[in-house]
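Data block below; observations after.
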């Protein structure tokens, strides 16, 4: 039995037509439920009532933590390839539904139907939990991979055929950006073009963080689970962690950077004069998920966050949050994306003194208002350790994505016994701000790919200029133009093959390269270039140095607009 728990703002589903040999006789009514826990359930061969009972008791416990009073049980066959007989599955789901107590308002989506489904998910660290129930075995997300022979020439990768042309998986495959391989479930294989995109994005973030006073750190990907006990992750996040025994100790791959960053803070003494201490980190993180919840780059098991933690005094809170909001605006303006802010307040299931919660919430509110940022208040939807600002970003297609987050935390400093020496000489406790500007870089690249539909601005494009020769007679001149562009640190491609010019231009257009230089006899004799941009604007007799200078300026300014000198 496999279950994915989702804490959602709203779920809407509508039966369209029966899709299984066994299905429930229901009306085709459109159902919408707000502020509810949704459990997506796959019933597998061999599942027992005892497993169902355990699953439902765990669900009720989780609902209590989240203070949720509504539940939707949703049959979701895509979580497993070992599905039970439809009759058995439908009966098991009905049995699970019968266990819901009267204090919970519950609904069960109809079994055996193709349904229209809309989910508005809260998306915070405790919002999503995946669970697998087996006969006395430890939860396993994937079967053991079949051994691959050393002589095997082909490793099977994800099949993304049939995806719409606007989907990041389709575009990514066409532009040769990334792939997923069976031997590393839901972990990205970055191809040269994709890795250039990834590194360009990271370099931009590094420059922006340096401007705002951050110092980059790095920490081990593995730690003894004692660390995760102190931080609380074992209590709240264990089922989403990769935990293993080395033979001498229990270890875990880190799902979040905060605990290991805190250890760096604890490695020395701090004075009030040293704060704020701003750290940035791009380490890999590992989060165990069920396969049915994984969607290309949007949800992966190995991810990189533009993570940051600020250790500061209470009197510095408002100013620091204000600076973070400026940073958010600067970054999303670069991508020409609008955003909406949400202020999430203290949940019923919270840790710590309510006075500190009020102080932290007030600091977030003042910073939003001082920066004239409109926001919505989401009552009781803060993290268990503190209130937060969540940023929903709007892409070119008008879709909303939750990306940036600014969270104020008083609880980890208490749990880790953090301190600094105050102006009065006494030990005081710092506050931690957890922040991410883009969030998961993998997820944001998926958003970017769909936002631009693969037509990246020149500064992000893996190849910024393609140099094409019309014939063999202009090949040497094309090489010299290519070399000159490379000297100017411009990412250029060169095609001096004997393929037709029409083919070369079509290939450059299909790869969505911002600029294409075409060199024939006339250009060679004049020592000039003919250049066209991706939008079809052409210019002849262009001086190469003028073009290189104009493009270098466009790249350095990280402009979204293509131009010709």
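The values are calculated or read from the model by the stated rules, or taken from the named source; none is laboratory data. Fair warning: this is a prediction, and the values are worked out from it, not measured in the lab. For neighbour counting, all protein chains shown are included, and Cβ atoms are generated from backbone atoms with ideal geometry for every residue, glycine included.
When restricted to residues that are crowded, with 19+ Cβ neighbours inside 10 Å and modelled with pLDDT under 85, segment 69-82 contains 2. Of 72, 41, all but one fail to be in contact with a helix residue (DSSP H, G or I) (Cβ under 7 Å, 6 or more places away or on another chain) and either in the same structural domain as residue 11 (by TED's automatic domain parsing) or in a helix (DSSP H, G or I) (or both); the exception is 41.
When 516, 474 are checked against the criterion of being within 20 Å of residue 561 (Cβ to Cβ), touching a strand residue (DSSP E or B) at 6+ places or on another chain (Cβ under 9 Å) and not assigned by TED's automatic domain parsing to the domain that holds residue 339, 516 stands alone in meeting it.
Would it be correct to say that residue 179 is outside any helix (DSSP H, G or I) and at pLDDT below 90? Give the steps one after another, and end with the answer.
Details: outside any helix (DSSP H, G or I): yes; at pLDDT below 90: no.
Judged against the criteria, residue 179 is not a match.
Scan segment 332-350 and tell me whether some residue there is closer than 18 Å to residue 310 by Cβ and in the same structural domain as residue 306 (by TED's automatic domain parsing).
Of the residues in segment 332-350, the ones closer than 18 Å to residue 310 by Cβ are none.
No - not one qualifying residue is present in segment 332-350.
Which residues, taken from segment 362-391, are assigned to a helix (DSSP H, G or I) and closer than 25 Å to residue 69 by Cα? Selection gives nothing.
Per the conditions (1) in a helix (DSSP H, G or I); (2) closer than 16 Å to residue 316 by Cα, the sole criterion not satisfied by residue 355 is (2). Evaluating residue 235 against the criteria (1) in contact (Cβ under 8 Å) with a residue 24 or more places away in the chain; (2) touching a helix residue (DSSP H, G or I) at 6+ places or on another chain (Cβ under 9 Å); (3) loosely packed, with under 15 Cβ neighbours inside 10 Å leaves one unmet condition, (1).
Which of the residues that make up segment 535-549 are crowded, with 16+ Cβ neighbours inside 10 Å and either at pLDDT below 95 or closer than 16 Å to residue 483 by Cα (or both)?
In the first step, residues of segment 535-549 are kept if they are crowded, with 16+ Cβ neighbours inside 10 Å; the result is 542, 544, 547-548.
Answer for segment 535-549, where residues must be crowded, with 16+ Cβ neighbours inside 10 Å and either at pLDDT below 95 or closer than 16 Å to residue 483 by Cα (or both): 544, 547, 548.
A quick yes/no check of all residues on (1) in contact with a strand residue (DSSP E or B) (Cβ under 8 Å, 6 or more places away or on another chain); (2) in contact (Cβ under 8 Å) with a residue 12 or more places away in the chain; (3) closer than 16 Å to residue 270 by Cα:
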position: 384; (1), (2), (3): no, yes, no
position: 415; (1), (2), (3): no, yes, no
position: 418; (1), (2), (3): yes, yes, yes
position: 422; (1), (2), (3): yes, yes, yes
position: 426; (1), (2), (3): no, no, yes
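Just one of the numbered conditions (1) surrounded by 19 or more Cβ atoms within 10 Å (Cβ to Cβ); (2) assigned to a loop (DSSP other than H, G, I, E, B) is not true of residue 269: (1).
State yes or no: is residue 388 free of Cβ contacts under 8 Å to residues at least 24 places away in the same chain, in contact with a strand residue (DSSP E or B) (Cβ under 8 Å, 6 or more places away or on another chain) and surrounded by 15 or more Cβ atoms within 10 Å (Cβ to Cβ)? No. Residues considered: 378, 329. Of these, the only one that is free of Cβ contacts under 8 Å to residues at least 40 places away in the same chain and touching a strand residue (DSSP E or B) at 6+ places or on another chain (Cβ under 9 Å) is 378. The combined condition, being touching a strand residue (DSSP E or B) at 6+ places or on another chain (Cβ under 8 Å), under 15 Å from residue 532 (Cβ atoms) and modelled with pLDDT of 95 or more, is not fulfilled by residue 494. Exactly one residue out of 477, 515 is touching a residue at least 24 places away in the same chain (Cβ under 8 Å), over 39 Å from the mean Cα position of the chain (by Cα) and buried (at least 18 other Cβ atoms within 10 Å of the Cβ), and it is 477.
Scan segment 440-494 for residues that are part of a helix (DSSP H, G or I) and farther than 30 Å from residue 400 by Cα and the total you get is 16.
Residue 300 fulfils the conditions (1) over 23 Å from residue 203 (Cα atoms); (2) assigned to a loop (DSSP other than H, G, I, E, B) except for a single criterion, (1).
Selection of segment 86-103 for residues being out of contact with any helix residue (DSSP H, G or I) (no Cβ under 7 Å at 6 or more places or on another chain) and either touching a residue at least 12 places away in the same chain (Cβ under 8 Å) or part of a strand (DSSP E or B) (or both) yields 86, 87, 88, 89, 90, 93, 94, 97, 100, 101, 103.
Could you pull out the residue among 257, 240, 200 that is in contact (Cβ under 8 Å) with a residue 24 or more places away in the chain and out of contact with any strand residue (DSSP E or B) (no Cβ under 9 Å at 6 or more places or on another chain)? Even if it seems obvious, please write down each step before you answer.
On the way: 257 fails: out of contact with any strand residue (DSSP E or B) (no Cβ under 9 Å at 6 or more places or on another chain); 240 fails: out of contact with any strand residue (DSSP E or B) (no Cβ under 9 Å at 6 or more places or on another chain).
On inspection, the qualifying residue turns out to be 200.
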